[in-house]
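Right, one structure below, let's go through it.
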Amino acid sequence: MNNMNKVNAAYIHIPFCSQICYYCDFAKVLLEGQPVDEYIESVIDEFNNIYHISSLRTLYIGGGTPTVLSSEQMSRLLNGINSKLDLSSLEEFTIEANPGDLSDEMIIVLENSSVNRISLGVQSFDDKLLKKIGRKHSERDVYDSIQKLRTAGFDNISIDLIYGLPKQTLEMVESDVTKFLELNLPHVSLYSLILEDHTRFMNMERKGLLHLPSDDKNIDMYEYILNTLAANDYAHYEISNFSKTGFESKHNLTYWDNTEYYGIGAGASGYLEGIRYKNHGPVHHYLEAGKNKRVSEEKLSQKEQMEEEMFLGLRKAEGVSLKAFSEKFDIDFYEIYGSVFEDLLKTDLVIYNNGRLSLSERGFELANEVFEKFLIDA
Ligand code: SF4
């Protein structure tokens, strides 16, 4: 496949983890016994020799847990994917890391690479709660990792937090948010726990053993988070993401802007030439797939592309420009969505301002209800 210059973002999946968290349904596998070196070579090959990627604006290595690689393996991966890349156009290069995995050697590898943003999977600062959700790290590991990263010159650090966890109270969420604020970091992603099939939590829930907070308590937590982060100058720029000015995730914005991106590695999803595709998930299948890494492809119709434009765009606080929508699809927005638009304006779920349609704070809480309205009847 030739280099597609118009595509400016790439995601690379490292599916290995040193533990399996009880809530997780991502494409991942326990590290032990996996052919990690072979996997890294295959990812580098997909990047350089299948897609011939030579220029990107954003690059994101996620997982799984990228930092379970040894420092030598990480160095090989970063050198391999950067060997043919014009680094002068790379604005943001994020890697996901687990607190506790960042050895001094790993920090040196990252410091000497073009990585300039770290996303730390903190989830909570509460050691007891961390254990209950299957995480291995501790609150102390979070502070140590951030300290090491800052000493190495990384200032663009984001953390993930989860709320609505088993037996979690509003006071526990307040404590997590307070500890986040004390760290003075520029970005946080806050997710409410979602019970997924084939997870330990789902099994526990089916047996009545999980004890999740009620919906009302979850709403209290969500409202506390919104109010507290807003009072501390964090912009709520996407449903689950908050940042100081200029620290929005450029890479993730490419997804919400509904633009195309390369997806590389086992189980990775990508969007190229109007096709949403998924790579083989099990590592062995991915390795055995040769040059044909994809397990499924779906060519999106114009109708599906328009629906996605709305679902994804409305996740952002800035919402969707109706003029840009009409230009992109060469069709009048009102012809497609005029009656939906009129109906939604009668609710308090959306805001229409300066030609842009966006969700209100209440709309963010009930986003799925709004998204459904933009499904186009066949
Ligand atoms: S949440 Fe992250 S670290 Fe935990 S099992 Fe899933 S991918 Fe691995």
(message) Suppose we filter the stretch 231-249 for residues that are over 14 Å from GLY313 (Cα atoms) and either aliphatic (A, V, I, L, M) or open to solvent by 40 Å² or more (accessible area, probe 1.4 Å) (or both); how many remain?
(response) 9
(request) Scan (1) assigned to a helix (DSSP H, G or I); (2) at pLDDT 95 or above; (3) open to solvent by 20 Å² or more (accessible area, probe 1.4 Å) for the single condition ILE351 breaks and write down its number. (result) (1)
(request) Return the residue satisfying two criteria in turn: it lies in the stretch 134-148 and is open to solvent by less than 40 Å² (accessible area, probe 1.4 Å) and of a type in the set (S, T, N, Q), and of such residues it is nearest to PRO166 (Cα to Cα). (result) SER138
(request) Return the pairs, sorted by first residue and then second, in which the second residue is assigned to a loop (DSSP other than H, G, I, E, B) and within 14 Å of the ligand (Cβ to nearest atom), the first residue lies in the stretch 134-148 and is at negative phi and of a type in the set (Val, Ile, Thr), the beta carbons are less than 6 Å apart, and the residues are 6+ apart or on different chains. (result) VAL142/PRO99
(message) What's the total number of residues in the stretch 28-42 that are near the ligand (Cβ under 10 Å from one of its atoms), touching a Ser or Thr at 6+ places or on another chain (Cβ under 9 Å) and not basic (Lys, Arg)?
(response) 2
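Conditions tested, residue by residue: (1) over 25 Å from GLU72 (Cα atoms); (2) within 16 Å of the ligand (Cβ to nearest atom); (3) not β-branched (Val, Ile, Thr).
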{"residue": "HIS137", "(1), (2), (3)": "no, yes, yes"}
{"residue": "ASP155", "(1), (2), (3)": "no, no, yes"}
{"residue": "GLY164", "(1), (2), (3)": "yes, yes, yes"}
{"residue": "LEU185", "(1), (2), (3)": "yes, no, yes"}
{"residue": "ASP197", "(1), (2), (3)": "yes, yes, yes"}
{"residue": "ARG200", "(1), (2), (3)": "yes, yes, yes"}
(request) Within the stretch 115-133, track down each residue that is touching a residue at least 24 places away in the same chain (Cβ under 8 Å) and open to solvent by 30 Å² or more (accessible area, probe 1.4 Å). (result) ASN116, ASP126, LYS132
(message) If I ask for residues that are open to solvent by 50 Å² or more (accessible area, probe 1.4 Å) and out of contact with any helix residue (DSSP H, G or I) (no Cβ under 8 Å at 6 or more places or on another chain), which ones from the stretch 180-196 would you list?
(response) GLU182, ASN184, TYR191, ILE194
(request) Could you tell me which numbered condition ASP155 fails, if it satisfies all but one of (1) of a type outside the set (Lys, Arg); (2) part of a helix (DSSP H, G or I); (3) within 30 Å of ILE108 (Cβ to Cβ)? (result) (2)
(message) For the structure I just gave you, tell me whether GLU205 is modelled with pLDDT of 95 or more and of a type outside the set (Ser, Thr, Tyr).
(response) no
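Do we find that TYR51 is at pLDDT 95 or above and within 16 Å of the ligand (Cβ to nearest atom) in this structure?
On the way: at pLDDT 95 or above: yes; within 16 Å of the ligand (Cβ to nearest atom): no.
Considered against the rule, which asks whether it is at pLDDT 95 or above and within 16 Å of the ligand (Cβ to nearest atom), TYR51 comes out as no.
Looking at this structure, is ASP155 charged (D, E, K, R), farther than 18 Å from GLY62 by Cα and under 20 Å from the mean Cα position of the chain (by Cα)? Write out each step before concluding.
Values: charged (D, E, K, R): yes; farther than 18 Å from GLY62 by Cα: yes; under 20 Å from the mean Cα position of the chain (by Cα): yes.
Criteria met by ASP155.
The values are calculated or read from the model by the stated rules, or taken from the named source; none is laboratory data. Since the model is a prediction, treat every value here as computed from it, not as a measurement. Every residue, glycine as well, gets a Cβ built from its backbone with ideal geometry; the counts of neighbours run over all protein chains shown. For accessibility, only protein heavy atoms count, side chains too; no ligands or nucleic acids. Shrake-Rupley method; radii C 1.70, N 1.55, O 1.52, S 1.80 Å.
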